[in-house]
Amino acid sequence: MPAEKNGRDGGVQSLQRAFELLEHLADTGGEASLSELATLSGLPMPTIHRLIRTLVDLGYVRQNTNRRYALGARLIRLGENASMQFGAWARPLLAELVEEVGETANLAVLERDEVVYVSQVPSKHSMRMFTEVGRRLLPHGTGVGKAMLAHLPEPDVRALLSRTGMPAYTEHTFTDPDALAVELSRIASQGYALDEAEQELGVRCVAVAVPGAPVPAAVSVSGPSGRLTAEAVAHIAPAVQRVADALGASLSQSAVTV
């Protein structure tokens with residue numbers, strides 16, 4: 001049997017190509033035909049077919065009745081465990097943020113069109129926000145979700161919103177995609193997102209996307225609106241930005257040293 005060729009970075013080429021196909025499937029919303037994957041990857045059709053067949057046999061890809069291919073259920077366990085490990089790794093930085101600003105700090109990722117909270121360090125206040133780890137929400141109604149969406153291409157954001165809809169959590173939630181697009185542009189310009197009682201009445205949140213994360217992720221600080229005043233936000237936003245940048249830098253260093 002011939003030896004497996006190495007990829008451009010010294011890795012096994014077929015393994016590299018298989019993971020690239022999984023990423024292409026994710027980029028298309030989780031489903032694509034063989035011809036679409038061939039176009040996206042630039043690989044010949046026989047190679048695509050061989051790799052996809054292997055991924056189907058392993059459960060990482062499934063073939064739908066319409067003969068299109070989708071991400072398989074076996075990836076769920078990997079993704080959920082990776083998210084939780086990311087949360088545990090980020091927890092010391094979140095603890096530093098809580099110590100600095102005195103309010104609850106959170107880390108969330110975007111997974112299958114939903115915001116998933118993967119880590120939290122609560123504040124020492126008796127009155128504080130409890131967004132439990134593992135909770136899932138739609139991104140349009142959360143500070144972390146809006147921070148992440150602000151860094152995605154607008155067509156991708158609109159496609160996501162068309163899949164999820166924009167239900168109102170409170171009367172302050174954005175429910176119109178055009179109005180949200182304006183809000184996301186403002187967030188991208190100022191560098192942080194605010195949740196103004198859009199997910200829960202009486203709660204304000206300051207959120208910043210993590211730069212360079214392998215999946216969309218964001219750090220946030222949340223608390224009662226009475227404590228998170230405009231003056232408090234002016235102090236908290238730079239602190240959240242520093243932690244998000246530190247997380248992004250740590251991720252980059254980890255990728256280099258592997």
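The values are calculated or read from the model by the stated rules, or taken from the named source; none is laboratory data. Nothing here was measured: the structure is a model prediction, and the numbers come from that model. Note that each Cβ is placed from the backbone with ideal geometry, even for glycine, and that neighbours are counted across all protein chains shown. These area figures cover heavy atoms from the full protein model, side chains too; ligands, DNA and RNA do not enter into them. Shrake-Rupley method; radii C 1.70, N 1.55, O 1.52, S 1.80 Å.
Assorted remarks:
- Among (1) modelled with pLDDT of 90 or more; (2) among the small types (Gly, Ala, Ser); (3) not assigned by the TED database to the domain that holds residue 125, the one test that residue 72 misses: (1)
- Within segment 179-217, the set of residues being in a strand (DSSP E or B) and over 16 Å from residue 234 (Cβ atoms) comprises 195, 203, 209, 217.
- Flag not set for residue 202, criterion: in contact with a helix residue (DSSP H, G or I) (Cβ under 8 Å, 6 or more places away or on another chain), on the phi > 0 side of the Ramachandran plot and open to solvent by 20 Å² or more (accessible area, probe 1.4 Å).
- Neighbours by Cβ (under 9 Å, 6+ apart or cross-chain): first from segment 11-22, touching a residue at least 12 places away in the same chain (Cβ under 8 Å); second among the small types (Gly, Ala, Ser) and open to solvent by 30 Å² or more (accessible area, probe 1.4 Å): 17/41; 20/41; 21/41
- Test: residue in segment 227-246 that is touching a residue at least 24 places away in the same chain (Cβ under 8 Å), in contact with a Pro (Cβ under 9 Å, 6 or more places away or on another chain) and either open to solvent by 50 Å² or more (accessible area, probe 1.4 Å) or not in a strand (DSSP E or B) (or both): yes
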